[in-house]
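Engineer: Mind looking over this structure? Questions follow.
The values are calculated or read from the model by the stated rules, or taken from the named source; none is laboratory data. Everything numeric in this text was worked out from a predicted model, so none of it was measured. Every residue, glycine as well, gets a Cβ built from its backbone with ideal geometry; the counts of neighbours run over all protein chains shown.
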Amino acid sequence: MIIHAVKFRKDGFYTQPFVFGGEEGAEKFDKSIKYRGSLQNYLIDTGNEVILVDTGLPAGTPEEVPDKNSILYTGKDISSYMEAFSSLGYKPEQVTKILLTHKHADHSGELRSFPNAKIYVNEDELSADELQGISNIVPVKFTDGAYYNFPESQKIIDGITFIKAKGHTNGNSIVIVENDGLFYMIHGDITYVDEALYENKLSVVFDDLPAARETLDRVREFIRNHPTVYVSTHTPQGYENLEANRVMDLDNPVETVLAEVDFTAQEATGKYVCSICGYVYDPAEHNGVAFEDLPDDWRCPRCKQPKDKFNPA
């Protein structure tokens, strides 16, 4: 069994208030500290099947133009998700299953590009706008009981288990792959960077804060008791852990390498992009109302995050 990273954005960042401030408040943390960010999803080649965990941003999603006030930045394009997928030597028709960690567009953006795949989705996520009109969805009810300390799970095939992990979204899930004595924990946004895992901090993005806390506690308990490679979406630490087969040791964190940030001016389009779900605010579609003129309490129509989660495009 081989796990590949499908890498499509690099050189992003996440500020400490964003990745640590979910419970204590963003104001308690240092905005000048910027952890490395990226975007990648994952492909599992079992030898018999090609299985994807999430499917990137939709083609055509504009890059963001961060500035010194940006609290996060998903990074600059390496390629589109589908180009990154193809560069690994696979074709869309080979994919038999997609395991969706959650609804946000940086995880679900190209679901429609895999016509032969069954798309496994936590049934609590089915009402999401991002999933409407897709006919090959398999609702997951987590009927296989506990998986170690996680109360609800669904076996996908031997060695691959889908875990209910509510919090970041109400239908959030984790994928655990068992291979050669290791547990590869592929997750969406349990944490955005590994520093939050080590420091036991929640990000400021969640649908259900108590559930997010319970999920992170279970993740940390699992990691303490099983040799786990922690495979993330939003930081290069995810594919670095994977490529090194690095087993997480919560008492001995890997040394932090902070992001190198270049705020060189780029030409903005007047559009703004939600860095959480990828929603694009285009004034032309909103009676010409500039993003800056929206009320302070305006929220993303897709993921309900406030204006400070948007960057110019």
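Engineer: Please state which of the following conditions E260 fails to meet, knowing it meets all the rest: (1) buried (at least 21 other Cβ atoms within 10 Å of the Cβ); (2) in contact with a strand residue (DSSP E or B) (Cβ under 9 Å, 6 or more places away or on another chain).
Structural biologist: Among (1) buried (at least 21 other Cβ atoms within 10 Å of the Cβ); (2) in contact with a strand residue (DSSP E or B) (Cβ under 9 Å, 6 or more places away or on another chain), E260 violates only (1).
Engineer: Considering only the stretch 168-177, I want to know if a residue exists there that is crowded, with 19+ Cβ neighbours inside 10 Å, aliphatic (A, V, I, L, M) and over 20 Å from the mean Cα position of the chain (by Cα). Give the steps one after another, and end with the answer.
Structural biologist: The first filter runs over the stretch 168-177 and keeps only residues crowded, with 19+ Cβ neighbours inside 10 Å, leaving 168-169, 171-177.
When the remaining residues are screened for being aliphatic (A, V, I, L, M), the result is 174-177.
Among the residues that remain, those that are also over 20 Å from the mean Cα position of the chain (by Cα) are: none.
No.
Engineer: Separate question: Which condition number in (1) under 19 Å from the mean Cα position of the chain (by Cα); (2) modelled with pLDDT of 95 or more; (3) more than 21 Å from V175 (Cβ to Cβ); (4) not in a strand (DSSP E or B) is the one that K10 fails?
Structural biologist: Every listed condition holds for K10 apart from (4).
Engineer: Further question: Check off (1) outside any helix (DSSP H, G or I); (2) in contact with a strand residue (DSSP E or B) (Cβ under 6 Å, 6 or more places away or on another chain); (3) among the hydrophobic types (A, V, I, L, M, F, W, C) for L242 and give me the number that stays unchecked.
Structural biologist: (1)
Engineer: Select, from D282, D293, D251, the only residue that is acidic (D, E), surrounded by fewer than 12 Cβ atoms within 10 Å (Cβ to Cβ), under 25 Å from P62 (Cα atoms) and over 21 Å from the mean Cα position of the chain (by Cα). First the steps, then the outcome.
Structural biologist: Numbers: D282 fails: surrounded by fewer than 12 Cβ atoms within 10 Å (Cβ to Cβ); D251 fails: under 25 Å from P62 (Cα atoms).
The unique qualifying residue is D293.
Engineer: Can you tell me which residue is farthest from the chain's Cα centre (by Cα) among those in the stretch 296-312 that are outside any loop (DSSP other than H, G, I, E, B) and buried (at least 18 other Cβ atoms within 10 Å of the Cβ)? Talk me through it step by step, then tell me what you get.
Structural biologist: Step one: list which residues in the stretch 296-312 are outside any loop (DSSP other than H, G, I, E, B), which gives 299, 306-312.
If we keep only those that are buried (at least 18 other Cβ atoms within 10 Å of the Cβ) too, we end up with 309-312.
Values: K309: 15, F310: 17, N311: 18, P312: 21 Å.
Step by step, filter the stretch 296-312, then rank; the result is P312.
Engineer: Could you please find all residues in the stretch 90-117 being over 16 Å from L57 (Cβ atoms), touching a residue at least 24 places away in the same chain (Cβ under 8 Å) and of a type in the set (D, E, K, R)?
Structural biologist: The answer is K97, and nothing else.
Engineer: Something else about it: Aliphatic (A, V, I, L, M), within 17 Å of T74 (Cα to Cα), modelled with pLDDT of 90 or more and assigned by TED's automatic domain parsing to the domain that holds I176: which single residue out of V229, V204, V219, V280 fits that description?
Structural biologist: V204
Engineer: To continue, here is another question. Out of T256, T264, report the one residue that is in a loop (DSSP other than H, G, I, E, B), in contact with a helix residue (DSSP H, G or I) (Cβ under 7 Å, 6 or more places away or on another chain) and polar (S, T, N, Q).
Structural biologist: On the way: T264 fails: in contact with a helix residue (DSSP H, G or I) (Cβ under 7 Å, 6 or more places away or on another chain).
That would be T256, the only listed residue that is in a loop (DSSP other than H, G, I, E, B), in contact with a helix residue (DSSP H, G or I) (Cβ under 7 Å, 6 or more places away or on another chain) and polar (S, T, N, Q).
Engineer: Which is hydrophobic (A, V, I, L, M, F, W, C), under 22 Å from D11 (Cα atoms) and touching a strand residue (DSSP E or B) at 6+ places or on another chain (Cβ under 9 Å), of I78, I119?
Structural biologist: I78
Engineer: Mind checking which pairs have a first residue in the stretch 158-180 that is at positive phi and a second that is small (G, A, S) and surrounded by 23 or more Cβ atoms within 10 Å (Cβ to Cβ), Cβ under 6 Å, 6 or more apart or different chains?
Structural biologist: So the pair list comes out as G167/A212.
Engineer: Under 7 Å between Cβ atoms, at least 6 apart or on separate chains: pull out the pairs that start in the stretch 118-133 with a residue that is more than 18 Å from I156 (Cα to Cα) and end on any residue that is modelled with pLDDT under 95 and of a type in the set (F, W, Y).
Structural biologist: none
Engineer: If you don't mind, there's one more thing I want to ask. Given A117, A128, which one is within 29 Å of G22 (Cβ to Cβ) and assigned by TED's automatic domain parsing to the domain that holds V204?
Structural biologist: Values: A117 fails: within 29 Å of G22 (Cβ to Cβ).
When all the criteria are applied, what remains is A128.
Engineer: Oh, and also: Which residues, taken from the stretch 263-279, are surrounded by 18 or more Cβ atoms within 10 Å (Cβ to Cβ) and of a type in the set (A, V, I, L, M, F, W, C)?
Structural biologist: The answer is V273, C274, I276, C277.
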